[in-house]
Structure formats: C-alpha cells, structure tokens
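Asker: Structure provided below as structure tokens; questions to follow.
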Amino acid sequence: MSVRVERLQRAAWARATAPRAIGLLGIGLGVLALWLVLPPFGVRTAPAPVAVGILAAAAGIWAISRGEARLGGAAIVIAVVGIVGALLAMRASSSNLEGVFVWSALIAATFRWATPLTFAAIGGMFSERSGVVNIGLEGMMLMGAFFGAYGADLTSSWVGGLLIGALAGALLAFVHAIFSIHLRADQIVTGTAINFLALGITGYLYNQHYGNRGTPNDLPAVPDVNLKFLTHIPPHGLGQFLYDSIGQLNLMVWLSLLLLPVSYVVMFKTPMGLRIRSVGEHPKAADTLGISVYGTRYAAVTVSGALAALGGVFLSIGFLNSFTENMTAGRGFIALAALIFGGWRPFGAFYACVLFGFSSALAQRLPDLPAPESAAWPVLFQTLPYILTLVAVAGVIGRSIPPAAIGRPYVKQ
C-alpha cells in the first residue's frame, strides 16, 4: 500500500512540475532560435531557427494548457522574438555579424550600461519596500551625475565626487520624504516635481559654473579594475575572453555587483530589513510594536536617493567622464520599471537591468551592419526592453505584487 501511495505522489509531483519544466525549455529554445544564426554557430538557412522557434512556441502553448500561463506566455513571446530576430540577422553577411557580435565586448558593454540602472533600482527598492513610491529616481540620478562631476572637480578627487554626488541625491530624497511622509502629498506628483526640480537645479548650476566650456577634460575619474591575472587562465583563449569581458571594468561596476548580495542580506536577513518591510506592508501593526514608521521611511527614502545618485555618479565620472544637461535621459524610469519587473527584489531587478544593458550595448553596434534596410534596427531594438517590461508588468510573464501599503501615507493614531 505504501508503495502505491509513493507512486501516486511521484505521479502528482511530475504532473505539477512538468508544465514548468516545459515552459523553461520553451524559453531556452526561443533564445536558441536566435543564437543559431549568430557567431559562433552562424547558421545561414531559415528552416533551422524557424523550426526551433516553432518548437519553443509549441512548448509554451503546452505549458499554458497545463496551467503554467506565466512561463508558457514567456516562451511564446521569446519564440516570436527569436524567429523574427533570426530572419533579420540572416540578411547580414557572416563577416558583418562577426564584427557586431563580439561577445566579450558585448558583455563588457552590458555591465557598463546596466550599472547605473542597478544602483537606481536597488535604491528604489529601499524606498518602495518602506511604502513610499519613488518616481524621483530620475532626478536623484541627475543630481548625482552633476554633483559627482562638480565634486570631483572641486576636490580634485573621484572619491570626493562620489561622496558629494551621493550626498546631493540623499538631500533631494529627503525633500521627497518630507512631502510624502509628513505633509502626506501625493507621492507620484511629488516624485515628478522632484525630477523637474533636479533638472532645473543641475541645468542652472552647470551653466553657472561651466557655461559653454563644459566640464574640464581632466576631470578625475573613477578608476578601472585591471584583472590581468585572468589572461593566465588555461586555455589561453578562455583567459583572454574573460579578460576582455570583465577584466577591465570600472570600479563602480564591481561595487554595483557587490551591492546586490549586501542589499539582499540587509532587506531580507536583518532586523533592519524586517522593519523596512513591515512599515511597507502593515505600518499600523509595526507602529503598535514600537517601530517608528516615520523614522524608518525617512531613512529608507534617504538611502534610496544616495544609491540612485551613485548611478548618476557612474555616468559622469565613471563612464563618460563629463557632464551634460539631462544626461540620465530617462534611466531613472527604466530602473523603476526594472524594480517592478524584478518583484521589488535585488537580483530580480538586476536581471531586468542586464536585459536593458545588453540591448543598449547591442544597439550601439548594430549600425555597423551595412545593409541599407538595417538603418532602423538600432532604434527598433532599443524598444525591446520597454516592450518586454510592459509585457511583464501587464502580467503576461508574471504579475508583480507591490508592498501592501505602498503609496499610502501613514497617519499616526
């Protein structure tokens, strides 16, 4: 009897896990459909990628029919993207594709593009987990970008720029906290006003201090971390690939990667993180237990601004080594979307940032494809992360559930 029960349990477990496994397989096949036509495979005939893409879509449909709508829908979307991308990629010559898809260069560029988003998304997590919507991430990044450059110029040190930039973002976030927490203003409106305030402040100060000259050419820059030892990893080709991919990244890229486990531990494994999450989920219950709802939210929003500002600092003195007006160009909103995409968790948000970073890195190289009809590819491809984010937020890939009390001002009884 016990053997029969065990067999029934195994069968039930298989029925429960099979749709998820097939959905994941479909996602993998959808990615493979596009990868087949790219280096190093370089398939030049349509039947192979189209067949793989159809299999991916079929796996997605099967998973949906068995109740796994999230992964099944993702498999179908990625299968369509894979087939269309493969057919477009085959219109370019093999030599041109090899020039564009230099994977080591793409990996390095992906990390550079994803780093400012990662800082801002993790910053947004602290604010929103405490119950305060932070639409102002864009403005805090912009403040960090300007004051990072100005601080580096003023102190003749990139460390000074780092500290002054983070402080500027924290102060702007504190203003957002005052209006959102104590004055109980609409947090969406306040965040939008913060963005315009930052745009005005940085634009005025930039013209006041630098005018038409622009920031100095010898602005102190955050240094790169050179991991030369990677070239000695056998075999030599692998070592050189690793060095070209991650061996010359900026220090702030590594700081953003270090921030991921640190923020996870702080938010989900410490009493401090428990307090932040409690005031974002049930502020009245937290207040009853003696937790300062106002104080916790003030601290979380201020930390949020400092971290978002570090993303802007990276743009000005870690990536471009200069400042221009409105140089964040909407990255704060992308970081907020990545945070929602990742379910208000650091690693989930980071994966979304990497997606946007990879597409941005690839879009910079697509103009190298010489075919006349490919001229619009970069612009078209840059819309992909936005489309995928909308799909994810809409719930096709997975509905994100925010903290229960987010956006609701707390009134102490």
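The values are calculated or read from the model by the stated rules, or taken from the named source; none is laboratory data. Bear in mind the structure is a predicted one, so any value in this text is a computation, not a measurement. Using ideal geometry, Cβ is built from the backbone for each residue, glycine included, and neighbour counts are taken over all protein chains shown. Remember, those area values only see protein heavy atoms, side chains included, never the ligands or the DNA or RNA. Shrake-Rupley method; radii C 1.70, N 1.55, O 1.52, S 1.80 Å.
Asker: For the range 325-363: of the residues being of a type in the set (A, V, I, L, M, F, W, C) and assigned to a loop (DSSP other than H, G, I, E, B), which is nearest to the chain's Cα centre (by Cα)?
Answerer: Only one residue fits best here, namely TRP344.
Asker: Then there is this: Only residues that are of a type in the set (Ser, Thr, Tyr) and out of contact with any Ser or Thr (no Cβ under 8 Å at 6 or more places or on another chain): list them for the range 213-254, please.
Answerer: Passing the criteria: only THR231.
Asker: Any idea which of (1) farther than 30 Å from TRP103 by Cβ; (2) surrounded by fewer than 17 Cβ atoms within 10 Å (Cβ to Cβ); (3) in contact with a helix residue (DSSP H, G or I) (Cβ under 8 Å, 6 or more places away or on another chain); (4) aliphatic (A, V, I, L, M) is the one LEU274 doesn't satisfy?
Answerer: (3)
Asker: Another question, then. With respect to GLY67, determine if the residue is within 27 Å of ILE27 (Cα to Cα) and of a type outside the set (Phe, Trp, Tyr).
Answerer: So GLY67 passes the test.
Asker: Can you name the residue in the range 299-324 that is over 16 Å from the mean Cα position of the chain (by Cα), modelled with pLDDT of 95 or more and open to solvent by 10 Å² or more (accessible area, probe 1.4 Å) and, of all such residues, is nearest to ALA152 (Cα to Cα)?
Answerer: The residue in question is ALA306.
Asker: Then there is this: Within the range 345-364, track down each residue that is among the hydrophobic types (A, V, I, L, M, F, W, C), in contact with a helix residue (DSSP H, G or I) (Cβ under 6 Å, 6 or more places away or on another chain) and open to solvent by less than 20 Å² (accessible area, probe 1.4 Å).
Answerer: Passing the criteria: ALA349, ALA352, CYS353, ALA361, ALA363.
Asker: Open to solvent by 70 Å² or more (accessible area, probe 1.4 Å), of a type outside the set (Lys, Arg), in contact (Cβ under 8 Å) with a residue 24 or more places away in the chain and closer than 25 Å to ALA114 by Cα: is that true of PHE241 in this structure?
Answerer: For PHE241, the condition - open to solvent by 70 Å² or more (accessible area, probe 1.4 Å), of a type outside the set (Lys, Arg), in contact (Cβ under 8 Å) with a residue 24 or more places away in the chain and closer than 25 Å to ALA114 by Cα - is met.
Asker: Can you say whether PHE41 is aromatic (Phe, Trp, Tyr) and in contact (Cβ under 8 Å) with a residue 60 or more places away in the chain, as far as the supplied structure shows?
Answerer: Numbers: aromatic (Phe, Trp, Tyr): yes; in contact (Cβ under 8 Å) with a residue 60 or more places away in the chain: no.
For PHE41, the condition - aromatic (Phe, Trp, Tyr) and in contact (Cβ under 8 Å) with a residue 60 or more places away in the chain - is not met.
Asker: Return the residues of the range 52-77 that are open to solvent by 50 Å² or more (accessible area, probe 1.4 Å) and modelled with pLDDT under 85; say none if nothing qualifies.
Answerer: ARG66, GLY67, ALA69, ARG70
Asker: Would you tally the residues in the range 248-298 being small (Gly, Ala, Ser), in a helix (DSSP H, G or I) and over 20 Å from the mean Cα position of the chain (by Cα)?
Answerer: The total comes to 6.
Asker: What is the residue count in the range 109-118 for residues that are hydrophobic (A, V, I, L, M, F, W, C) and open to solvent by 10 Å² or more (accessible area, probe 1.4 Å)?
Answerer: 3
Asker: So, one more: May I ask you to list the residues in the range 210-237 that are open to solvent by less than 80 Å² (accessible area, probe 1.4 Å) and in a helix (DSSP H, G or I)?
Answerer: If the condition is that a residue be open to solvent by less than 80 Å² (accessible area, probe 1.4 Å) and in a helix (DSSP H, G or I), then GLY211, LEU230, THR231, GLY237 are the ones that fit.
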